[in-house]
């Protein structure tokens, strides 16, 4: 991970910040492969129910999927935050079932909030609820209800890994990042966890992501920071072009670090926003690296655009191209595909000003200049593309706009994974 002056990477994920506990366990939302219809111990099965709880009331902010078909938990969480005045104290989340496109979806999501609130002794409106998994299958509430007491009893200030595992679906590893920084002479911490391998092409949100901090910041400024940072991190991620119905990113700030509350823009707000960027950017890279069936992480950086929005459009156009992603998988430097993908971006630039480079740990070469694919060493290109992290750098002019987008290659395994996703 890239170092940032004044910020230190630490362990702990969502439990890195003071006053946050978490837990995760297997409750049996989807029948265990081990059990196969028979009674069987739950230990050894993959966690499918998670919880995060703060010792103190939190200011909360969120961004959500823009898909017109929304999971019931998205609707209920937005309603809860509106009714609580932007306050929250807990998160309850399940995997293996998205609770989406179900007639009783909101009823089940609301019941998850009530079950959590009763076990924790808080109001249901103070609970954030989220789900991920198969769309269109009824969510069984009984396993969640039966496991709630054990979930709460097992909460720990070191329970972040159990919670991070509980939100995984086709993910192959847990995604956690946390940093420590100073504000107003106080040590503050901010950490998060994310999940997602497929159905990722966000618009104002992505996958499921939960971020906690002990920094004292108002709900309005927390929302402002999240909305600004998500634009240049999670919204610059694309795995397969499918925008999830359940995308959600939530941030909770309990203020226990003791800094003066951030209530307006200024130096302290920028310090906080940079911490949020570091965590969200690194989780974005982890999400891209763990794309379904992926063998390579791709990072596309664009400079010289008219503004940031135009740079984002160009970078995402490249990173989303199936032909380009296939090229990276095949390690075939067919670089005309890069020009093709940036050429249909809904952005203003002069193709005659475009220069393109590809690079990795094996080196960096120029493959395009002034809108033309130029001669380059196929041997050098092959060595570059053989690495597991590939960089594409594109200059489109002399403007001040720049942006980076992240994605992965498109492999045979992507089709295999999604062809039998429910199995």
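Every number in this text was worked out from the coordinates using simple rules, so none of it is lab data. Bear in mind that the values here come from a model prediction, so they are computed numbers and not experimental data. Heads up, the Cβs are rebuilt from the backbone with ideal geometry, glycines too, and the neighbour counts pull from every protein chain shown.
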Rg to Rh for region 297-419: what is it, with Cα atoms only and Rh by Kirkwood? 0.97
Report the gain in length on full extension from residue 322 to residue 376: 0.36 nm times residue separation, minus Cα-Cα distance, nm rounded to one decimal. 17.1 nm
By how many nm would the segment from residue 118 to residue 57 lengthen if fully extended, with 0.36 nm per residue of separation less the alpha-carbon distance? 20.3 nm
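Among the DSSP beta bridges whose two residues both lie in the chain, what percent are antiparallel, rounded to the nearest 5?
In the chain, DSSP labels about 75 percent of beta bridges as antiparallel.
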At residue 270 and residue 308, where each label point lies 7 Å from the Cα along Cα→Cβ, what is the point-to-point distance in nanometres? 1.3 nm
How far apart, in nm, are the 7 Å Cα→Cβ label points at residue 348 and residue 158? 5.7 nm
Please rank 372, 385, fewest neighbouring Cβ atoms within 10 Å first, as an exposure proxy. 372, 385
Antiparallel bridge percentage (DSSP; both residues within region 297-419; nearest 5): 75 percent
Contact order relative to length for region 297-419, counting C-alpha pairs under 8 Å separated by 6 or more residues, stands in percent at 45 percent
Run the numbers for residue 388 and residue 142: contour at 0.36 nm per residue of separation, minus the present Cα-Cα distance, in nm. 84.3 nm
Which value in nm describes the separation of the simple spin-label points at residue 400 and residue 261, placed 7 Å from the Cα toward the beta carbon? 3.4 nm
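From the Cα gyration tensor of region 239-341, with a ≥ b ≥ c the square roots of its eigenvalues, which class applies: rounded if a/c is under 1.5, or else prolate if a/b is larger than b/c, or else oblate? Walk me through the numbers before you get to the answer.
On the way: a/c = 2.90, a/b = 1.95, b/c = 1.49.
Prolate shape, in that a/c is at least 1.5 and a/b is the bigger ratio.
What order do you get for 360, 398 when you list them from fewest to most C-beta neighbours inside 10 Å? Can you show the working numbers first?
Values: 360 17, 398 9.
By the 10 Å Cβ count, ascending: 398, 360.
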For region 98-205, alpha-carbon Rg relative to the globular expectation (2.2 N^0.38 Å, N residues): 1.26
Using R₀ = 51 Å, calculate the FRET efficiency as 1/(1 + (r/R₀)^6) where r is the Cβ-Cβ separation of residue 69 and residue 361; round to 0.05. 0.80
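Using helices alone, what [θ] at 222 nm do you get for the chain, with -39,500 (n - 2.57) per DSSP H run of 4 or more residues, divided over all residues and rounded to the nearest 500? Mind dumping the intermediate values first?
Working: 11 runs with 130 residues, N = 423.
One gets -9500 deg cm²/dmol as the mean residue ellipticity at 222 nm.
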Rg/Rh for region 8-289 to two decimals, with Rh computed the Kirkwood way over all alpha-carbon pairs. 0.95
